[in-house]
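**Student:** Input: one structure, supplied below.
No lab work stands behind these numbers, since they all come straight from the coordinates. Here the structure is a predicted model, which is why all the values come from computation and not from measurement. Every residue, glycine among them, receives a Cβ derived from its backbone with ideal geometry; neighbour counts consider all protein chains shown.
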Amino acid sequence: MSDTLPPLPPVGDLSEQQVRGTACVHCGIVLDNATAVDLGERRTGRAGGRVRWFPRACPEHAGT
Ligand SMILES: [Zn+2]
């Protein structure tokens, strides 16, 4: 994990597609499996419980 990556937005502000990793967490563009960058597993509190999610980003926002 690089220190140069921008912080992730709060999961509550994201669309379902962004939470599911089918859209970039930063810009919301729909991701292609060939170019999507996995940002790693994150844990967050939502709806009173702990949930895991797997944010992904487009190459531009992943810093590649
Ligand atoms: Zn993006």
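**Student:** Can you tell me the Rg and Dmax of the chain, counting just the alpha carbons, in angstroms?
**Tutor:** When restricted to the Cα atoms of the chain, Rg and Dmax are 11.3, 35 Å.
**Student:** Another question, then. In debye, nearest 20, what is the charge dipole magnitude of the chain about its Cα centre with +1 on Lys and Arg Cβ and -1 on Asp and Glu Cβ, if you could check?
**Tutor:** Charge dipole, the chain, about its Cα centre: 360 debye, nearest 20.
**Student:** Near the amide H of Ala23, under 5 Å away, which other amide H atoms are found, from residues 5 or more places off or on another chain, if H is placed in the peptide plane?
**Tutor:** Here the answer is Gln18, Leu31, since their amide H atoms fall under 5 Å of that of Ala23.
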